[in-house]
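Report on the following structure.
The values are calculated or read from the model by the stated rules, or taken from the named source; none is laboratory data. Just so we're clear, the structure is a prediction, and the values are computed from it rather than from any experiment. Every residue, glycine among them, receives a Cβ derived from its backbone with ideal geometry; neighbour counts consider all protein chains shown. Note: areas computed on protein heavy atoms with side chains; ligands, DNA, RNA excluded. Shrake-Rupley method; radii C 1.70, N 1.55, O 1.52, S 1.80 Å.
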Amino acid sequence: MNSKAAILTVDQLSKSFGGVKAVNNLSFSVTQNNIHAIIGPNGAGKSTLFNLITGVISPDQGKIRLLNNDITSLRPDKIAQHGVSRTFQNIRLFPDMTVFETAFIGTYLFTGGKLLPAILRTKEFRKKERQAKERIEEILQFVGLWEMRNEYAAKLSYGNQRRVEIARALATNPSLLLLDEPTAGMNQKETKELMQLFTQVNKQGITILIIAHDMHLVNTLSDQITVINFGEKLVEGPPEVIHNHPAVMEAYMGRAEVNA
Ligand SMILES: Nc1ncnc2c1ncn2[C@@H]1O[C@H](COP(=O)(O)OP(=O)(O)OP(=O)(O)O)[C@@H](O)[C@H]1O
Ligand SMILES: [Mg+2]
């Protein structure tokens, strides 16, 4: 396999909400096995881009391809089956589910999801269920939550809640993992530990597309950075090119003045 091939290609993508062009004629691609960062000021369209890629919303125009498959406007579960998984900007966990149960939701996609075999508890169903449970154990060990598997997910520390979300995302066996500001609100220790986790996830062959404001994180982890502003691509390149780029500085400072 050519390791330089694009896993995700976004082509002339646009999405408006009323008069707001949240994503505006945006094109970029993510190279397989890379950690690729999306940065840009508040309201630049970053989360909207993730919602478009994962099928939560449909674009007004443009195409999204995963390897050679057109995934534009497919249902979110279909896109997940193509190997795209995500975490959300605001952590989303059910209050009355344990860590194990929450991560187990992810495997549902691969246990078939048919009702009759589940009711009859067929041999085949039980085998898949056992395999799924083994896989969850592996994932929880990997993200460092196995010891906490029976605790309520929503009661854990913020950093561990994010790990639960990552475990749930990994349970779908993604080839592309989208992380929307995964370290926002974390303390330095939690941020550092999560950065190590992202590197380990990436080493397992999972491509990561990450939205972040923390420039230390972005510059340390990323192979490639796409900067967006007002839904459009401003500039793109490796950290050494983006670092101190005049257009990037202006976008952030310009918006900061607007917000002031
Ligand atoms: N569902 C929606 N309905 C209406 N407007 C929306 C919706 N989602 C996003 N927007 C608008 O689209 C623009 C882009 O929002 P988006 O959440 O994608 O920005 P962002 O880059 O993720 O910002 P932040 O860094 O604050 O998370 C904003 O002006 C926002 O108000
Ligand atoms: Mg956002």
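At 0.692 mPa s and 37 °C, plugging the Kirkwood radius over alpha-carbon pairs of the chain into Stokes-Einstein gives what diffusion coefficient in µm²/s?
Taking Rh from Cα pairs, D becomes 171 µm²/s.
Which whole-number percent gives the relative contact order of the chain, counting Cα pairs below 8 Å spaced six or more residues apart?
Once normalised by length, the contact order is 26 percent.
Leaving ligands, DNA and RNA out of it, report the carbon-plus-sulfur percent of the accessible area of segment 93-173 at a 1.4 Å probe.
Answer for segment 93-173: carbon and sulfur cover 55 percent of the accessible area.
Which part of segment 119-158 falls in the paramagnetic zone of PHE94, meaning amide N under 18 Å from the point 7 Å along Cα-to-beta-carbon?
119, 129, 132-133, 136-137, 149-156
Mind grabbing the base-10 log of I(q)/I(0) for segment 93-173 at q = 0.13, 0.22 Å⁻¹? Debye formula, identical points on the C-alpha positions, no solvent, two decimal places.
The calculated log intensity ratios at q = 0.13, 0.22 Å⁻¹ are -0.39, -0.93.
In the neighborhood of ARG86, defined by Cβ-to-Cβ distances under 12 Å, what is the net charge if each Lys or Arg adds +1 and each Asp or Glu adds -1?
-1
Once each part is reduced to its C-alpha centroid, what is the distance from segment 11-43 to segment 169-233 in angstrom?
16
Hey, which lysines would be in cross-link range of LYS189, C-alpha to C-alpha under 20 Å, not counting anything within fewer than 8 residues on its own chain?
Cα-Cα hits under 20 Å: LYS155.
Treat every Asp and Glu Cβ in the chain as -1 and every Lys and Arg Cβ as +1, leave all other atoms uncharged, and give the resulting dipole magnitude about the Cα centre to the nearest 20 debye.
Rounded to the nearest 20 debye, it is 980 debye.
Roll a 1.4 Å probe over the protein chains and send me the accessible area per residue for the chain in Å².
It amounts to 51 Å² per residue over the chain.
Between 0 and 90 degrees, rounded to the nearest ten: what's the tilt of helix 123-143 against the longest Cα principal axis of the chain?
Once rounded, the angle reads 50 degrees.
Can you show me the helix-derived [θ] at 222 nm for the chain, built from DSSP H runs with n ≥ 4 at -39,500 (n - 2.57) apiece and divided by the number of residues, rounded to the nearest 500.
That calculation yields -12000 deg cm²/dmol at 222 nm.
Take every DSSP beta bridge with both residues inside the chain and express the antiparallel ones as a percent of the total, to the nearest 5.
DSSP beta bridges in the chain are roughly 55 percent antiparallel.
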